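Right, one structure below, let's go through it.
The values are calculated or read from the model by the stated rules, or taken from the named source; none is laboratory data. As the structure is a computational prediction, the values presented were derived from the model and not from experiment. All Cβ positions, even for glycine, are placed from backbone atoms using ideal geometry, and neighbour counts span all protein chains on display. With ligands, DNA and RNA removed, areas are computed over all heavy atoms of the protein, side chains included. Shrake-Rupley method; radii C 1.70, N 1.55, O 1.52, S 1.80 Å.
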Amino acid sequence: MKKTAISFMLAALLPAIQVQAEQGDWVVRLRATNISPNESSDLGKYVNRNVAAGAMSNGAELKVDSNTIPELDISYYWTKNIATELILALGSKHDVSVSKEPGAVVPNQRLGSIDALPPTLTAQWHFNPDQTFDPYVGAGINATFMLDRKLELSQGPLAGTDIKIDRSSFGPALQAGFDVNLKDGWLLNADVKYLWIDTDVKLKTAGGWTKIDSLDVNPWVISVGVGKRF
(Lines give C-alpha, C1' and ligand atoms only; values in the text may rest on other atoms or scores of the structure.)
Protein backbone atom coordinates (compact mmCIF):
# COMPACT_ATOMS: atom_id res chain seq x y z
CA MET A 1 0.00 0.00 0.00
CA LYS A 2 2.82 2.45 0.83
CA LYS A 3 4.47 1.85 -2.56
CA THR A 4 1.15 2.41 -4.32
CA ALA A 5 0.53 5.70 -2.45
CA ILE A 6 4.03 6.94 -3.27
CA SER A 7 3.53 6.04 -6.93
CA PHE A 8 0.29 8.02 -7.07
CA MET A 9 2.02 11.04 -5.45
CA LEU A 10 4.89 10.93 -7.94
CA ALA A 11 2.46 10.63 -10.82
CA ALA A 12 0.58 13.71 -9.58
CA LEU A 13 3.78 15.73 -9.29
CA LEU A 14 5.29 14.60 -12.60
CA PRO A 15 3.41 17.08 -14.85
CA ALA A 16 4.61 19.96 -12.71
CA ILE A 17 8.29 19.02 -12.67
CA GLN A 18 8.35 18.19 -16.39
CA VAL A 19 7.41 21.74 -17.36
CA GLN A 20 10.66 23.45 -18.37
CA ALA A 21 11.98 26.32 -20.40
CA GLU A 22 13.13 25.66 -23.94
CA GLN A 23 14.87 27.80 -26.55
CA GLY A 24 12.25 29.92 -28.32
CA ASP A 25 9.78 29.99 -25.41
CA TRP A 26 7.83 33.14 -24.58
CA VAL A 27 6.65 33.87 -21.03
CA VAL A 28 4.09 36.54 -20.19
CA ARG A 29 3.73 37.58 -16.54
CA LEU A 30 1.21 39.82 -14.80
CA ARG A 31 2.50 41.16 -11.49
CA ALA A 32 1.60 43.53 -8.69
CA THR A 33 4.61 45.82 -8.26
CA ASN A 34 5.60 48.09 -5.39
CA ILE A 35 7.98 50.93 -6.33
CA SER A 36 9.75 52.21 -3.22
CA PRO A 37 12.16 55.13 -3.84
CA ASN A 38 15.54 55.15 -2.09
CA GLU A 39 16.08 58.80 -2.90
CA SER A 40 19.07 61.06 -2.36
CA SER A 41 18.45 64.83 -2.42
CA ASP A 42 20.40 68.04 -1.75
CA LEU A 43 17.47 70.44 -2.08
CA GLY A 44 18.51 72.85 0.70
CA LYS A 45 22.09 73.23 -0.52
CA TYR A 46 21.04 73.93 -4.12
CA VAL A 47 18.28 76.41 -3.12
CA ASN A 48 20.62 78.36 -0.82
CA ARG A 49 23.34 78.47 -3.45
CA ASN A 50 21.30 79.08 -6.61
CA VAL A 51 18.13 80.92 -5.43
CA ALA A 52 18.45 82.66 -2.06
CA ALA A 53 20.96 82.16 0.75
CA GLY A 54 19.27 81.04 3.98
CA ALA A 55 15.95 80.21 2.27
CA MET A 56 16.16 76.61 3.51
CA SER A 57 18.21 74.54 5.91
CA ASN A 58 21.10 72.77 4.17
CA GLY A 59 19.57 69.45 5.24
CA ALA A 60 16.26 70.01 3.42
CA GLU A 61 15.39 67.20 1.02
CA LEU A 62 12.83 66.18 -1.55
CA LYS A 63 10.98 62.98 -0.65
CA VAL A 64 9.20 60.75 -3.17
CA ASP A 65 6.54 58.38 -1.83
CA SER A 66 6.04 54.74 -2.84
CA ASN A 67 3.29 53.32 -5.02
CA THR A 68 1.91 49.92 -6.06
CA ILE A 69 0.93 49.39 -9.69
CA PRO A 70 0.05 46.55 -12.11
CA GLU A 71 2.89 45.42 -14.36
CA LEU A 72 3.06 43.33 -17.53
CA ASP A 73 6.33 41.77 -18.62
CA ILE A 74 7.33 39.58 -21.55
CA SER A 75 10.32 37.19 -21.64
CA TYR A 76 11.97 35.39 -24.52
CA TYR A 77 14.27 32.40 -23.97
CA TRP A 78 17.31 32.43 -26.27
CA THR A 79 18.45 29.20 -24.62
CA LYS A 80 16.93 27.23 -21.75
CA ASN A 81 19.10 29.25 -19.31
CA ILE A 82 19.29 32.70 -20.95
CA ALA A 83 16.25 34.95 -21.34
CA THR A 84 15.58 38.62 -21.92
CA GLU A 85 12.70 40.33 -20.13
CA LEU A 86 10.94 43.56 -21.06
CA ILE A 87 9.02 45.11 -18.16
CA LEU A 88 6.08 47.19 -19.34
CA ALA A 89 4.62 49.03 -16.35
CA LEU A 90 1.86 51.60 -16.46
CA GLY A 91 2.80 55.08 -15.34
CA SER A 92 3.52 55.19 -11.61
CA LYS A 93 2.27 58.28 -9.75
CA HIS A 94 4.31 59.51 -6.77
CA ASP A 95 3.77 62.40 -4.36
CA VAL A 96 6.78 64.73 -3.97
CA SER A 97 7.32 66.68 -0.73
CA VAL A 98 9.80 68.96 1.02
CA SER A 99 11.04 67.35 4.24
CA LYS A 100 13.46 68.04 7.13
CA GLU A 101 12.52 71.71 7.23
CA PRO A 102 11.12 72.37 10.75
CA GLY A 103 10.69 76.09 11.31
CA ALA A 104 12.44 77.06 8.09
CA VAL A 105 11.45 79.90 5.76
CA VAL A 106 10.18 77.34 3.22
CA PRO A 107 8.24 74.85 5.41
CA ASN A 108 7.64 71.14 4.93
CA GLN A 109 4.95 70.73 2.28
CA ARG A 110 3.61 68.57 -0.50
CA LEU A 111 4.62 69.94 -3.90
CA GLY A 112 2.33 67.75 -6.00
CA SER A 113 2.90 64.49 -7.85
CA ILE A 114 4.80 63.16 -10.83
CA ASP A 115 3.94 60.30 -13.16
CA ALA A 116 6.93 58.12 -14.10
CA LEU A 117 6.85 55.56 -16.93
CA PRO A 118 9.72 53.09 -16.27
CA PRO A 119 10.15 50.42 -19.03
CA THR A 120 13.10 48.15 -18.21
CA LEU A 121 14.97 45.56 -20.29
CA THR A 122 17.08 42.89 -18.57
CA ALA A 123 19.06 39.82 -19.57
CA GLN A 124 18.57 36.89 -17.18
CA TRP A 125 20.37 33.71 -16.21
CA HIS A 126 18.00 30.95 -15.02
CA PHE A 127 19.75 28.45 -12.76
CA ASN A 128 17.25 25.56 -12.78
CA PRO A 129 15.10 25.84 -15.93
CA ASP A 130 14.30 22.09 -15.78
CA GLN A 131 13.03 22.22 -12.20
CA THR A 132 9.87 23.37 -10.45
CA PHE A 133 11.83 26.03 -8.54
CA ASP A 134 13.84 28.19 -10.95
CA PRO A 135 15.79 31.14 -9.44
CA TYR A 136 17.38 33.73 -11.70
CA VAL A 137 19.51 36.88 -11.71
CA GLY A 138 19.52 39.63 -14.31
CA ALA A 139 20.98 42.97 -15.32
CA GLY A 140 19.97 45.55 -17.89
CA ILE A 141 18.88 49.11 -18.55
CA ASN A 142 16.01 51.25 -17.32
CA ALA A 143 14.48 54.20 -19.16
CA THR A 144 12.22 56.34 -16.97
CA PHE A 145 10.12 58.95 -18.74
CA MET A 146 8.87 61.72 -16.46
CA LEU A 147 5.25 62.61 -17.18
CA ASP A 148 3.11 65.24 -15.37
CA ARG A 149 6.36 66.84 -14.26
CA LYS A 150 5.04 70.12 -12.86
CA LEU A 151 5.12 70.81 -9.12
CA GLU A 152 4.47 73.97 -7.07
CA LEU A 153 5.45 75.52 -3.77
CA SER A 154 2.28 76.43 -1.85
CA GLN A 155 3.76 77.85 1.39
CA GLY A 156 6.48 80.30 2.34
CA PRO A 157 7.90 83.34 0.52
CA LEU A 158 8.19 81.33 -2.71
CA ALA A 159 4.52 80.24 -2.65
CA GLY A 160 3.05 79.90 -6.12
CA THR A 161 6.43 79.29 -7.72
CA ASP A 162 6.50 76.56 -10.35
CA ILE A 163 8.86 73.60 -10.06
CA LYS A 164 9.49 70.92 -12.64
CA ILE A 165 11.25 67.58 -12.93
CA ASP A 166 13.57 68.54 -15.75
CA ARG A 167 14.29 65.38 -17.67
CA SER A 168 13.84 61.69 -18.17
CA SER A 169 16.43 59.22 -16.94
CA PHE A 170 18.43 56.29 -18.31
CA GLY A 171 20.38 54.01 -16.01
CA PRO A 172 21.32 50.44 -15.09
CA ALA A 173 19.03 47.86 -13.47
CA LEU A 174 19.79 44.78 -11.36
CA GLN A 175 17.32 41.95 -10.82
CA ALA A 176 16.83 38.72 -8.87
CA GLY A 177 13.82 36.46 -8.51
CA PHE A 178 12.37 33.03 -9.05
CA ASP A 179 9.67 31.20 -10.99
CA VAL A 180 7.68 28.27 -9.60
CA ASN A 181 6.74 26.19 -12.63
CA LEU A 182 3.26 24.66 -12.48
CA LYS A 183 1.21 22.50 -14.82
CA ASP A 184 0.34 23.43 -18.41
CA GLY A 185 2.93 26.22 -18.64
CA TRP A 186 1.60 28.28 -15.75
CA LEU A 187 3.99 29.69 -13.16
CA LEU A 188 4.19 31.81 -10.03
CA ASN A 189 6.79 34.56 -9.82
CA ALA A 190 8.50 36.77 -7.25
CA ASP A 191 10.99 39.41 -8.35
CA VAL A 192 13.05 42.30 -6.97
CA LYS A 193 14.89 44.96 -8.96
CA TYR A 194 17.02 47.97 -8.10
CA LEU A 195 16.91 50.83 -10.62
CA TRP A 196 19.24 53.81 -10.90
CA ILE A 197 17.07 56.85 -11.73
CA ASP A 198 18.34 60.44 -11.51
CA THR A 199 17.00 63.76 -12.70
CA ASP A 200 17.36 67.51 -12.18
CA VAL A 201 14.70 69.58 -10.41
CA LYS A 202 14.29 73.24 -11.42
CA LEU A 203 12.43 76.27 -10.04
CA LYS A 204 11.03 79.04 -12.22
CA THR A 205 12.60 82.41 -11.47
CA ALA A 206 12.61 85.79 -13.22
CA GLY A 207 15.72 84.72 -15.08
CA GLY A 208 14.29 81.39 -16.25
CA TRP A 209 14.54 77.91 -14.81
CA THR A 210 17.10 77.50 -11.99
CA LYS A 211 18.36 74.13 -10.78
CA ILE A 212 17.35 73.45 -7.16
CA ASP A 213 18.18 69.76 -6.81
CA SER A 214 19.95 66.80 -8.34
CA LEU A 215 17.50 64.07 -7.31
CA ASP A 216 18.45 60.38 -7.30
CA VAL A 217 15.24 58.33 -6.96
CA ASN A 218 16.87 54.85 -7.18
CA PRO A 219 13.83 52.71 -6.26
CA TRP A 220 13.51 49.15 -5.07
CA VAL A 221 10.93 47.46 -7.29
CA ILE A 222 9.33 44.40 -5.66
CA SER A 223 6.83 42.25 -7.59
CA VAL A 224 4.72 39.11 -7.22
CA GLY A 225 2.46 37.61 -9.84
CA VAL A 226 1.53 34.81 -12.22
CA GLY A 227 2.72 33.91 -15.71
CA LYS A 228 2.13 31.64 -18.69
CA ARG A 229 4.70 29.97 -20.92
CA PHE A 230 4.00 29.68 -24.66
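Points worth noting:
- SER92 long-range amide H proximity, modeled H, under 5 Å: ALA116, LEU117
- Segment 223-229 - phi-based ³J(HN,Hα) in whole Hz, Karplus 6.51/-1.76/1.60, Gly and Pro as x: 9, 9, x, 10, x, 9, 9
- Selection from HIS126, VAL96, TYR77, by position along the positive dipole direction of segment 63-132 (Cβ): VAL96
- Each other residue within a Cβ distance under 10 Å of GLY225 adds +1 if Lys or Arg and -1 if Asp or Glu, for a net charge of -1.
- When +1 charges are put on Lys and Arg Cβ atoms and -1 charges on Asp and Glu Cβ atoms, the dipole computed for segment 127-221 relative to its Cα centre reaches about 480 debye.
- Applying the Karplus relation 6.51 cos²θ - 1.76 cosθ + 1.60 with θ = phi - 60° to segment 79-92 yields 3J(HN,Hα) values of 9, 5, 9, 10, 9, 10, 10, 10, 8, 10, 9, 5, x, 10 Hz, where x marks Gly and Pro.
- Accessible-area composition of segment 107-229, carbon plus sulfur, in percent [1.4 Å probe]: 63 percent
- For ALA173, the residues 5 or more places off, or on other chains, whose built amide H falls under 5 Å of its own are GLY140, ILE141, ASN142.
- Segment 174-181 - phi-based ³J(HN,Hα) in whole Hz, Karplus 6.51/-1.76/1.60, Gly and Pro as x: 10, 8, 8, x, 7, 10, 10, 6
- VAL180 sits with roughly 40 Å² accessible to a 1.4 Å probe, with DNA, RNA and ligands left out of the calculation.
- Electrostatic bookkeeping for LEU30 treats Lys and Arg as +1 and Asp and Glu as -1; over the other residues with beta carbon under 15 Å from its beta carbon, the sum is -1.
- Inter-centroid distance (Cα atoms) of segment 65-91 relative to segment 121-139, Å: 13 Å
- Amide H to amide H distances under 5 Å link THR132 with no residue, where only residues 5 or more positions off or on other chains count and H is placed in the peptide plane.
- Cα centroid separation, segment 194-230 to segment 167-190: 20 Å.
- Environment charge of SER92, counting only residues whose C-beta is closer than 15 Å and scoring Lys/Arg +1, Asp/Glu -1: -3
- Surface accessible to a 1.4 Å probe, ILE82 within the full protein complex, Å²: 70 Å²
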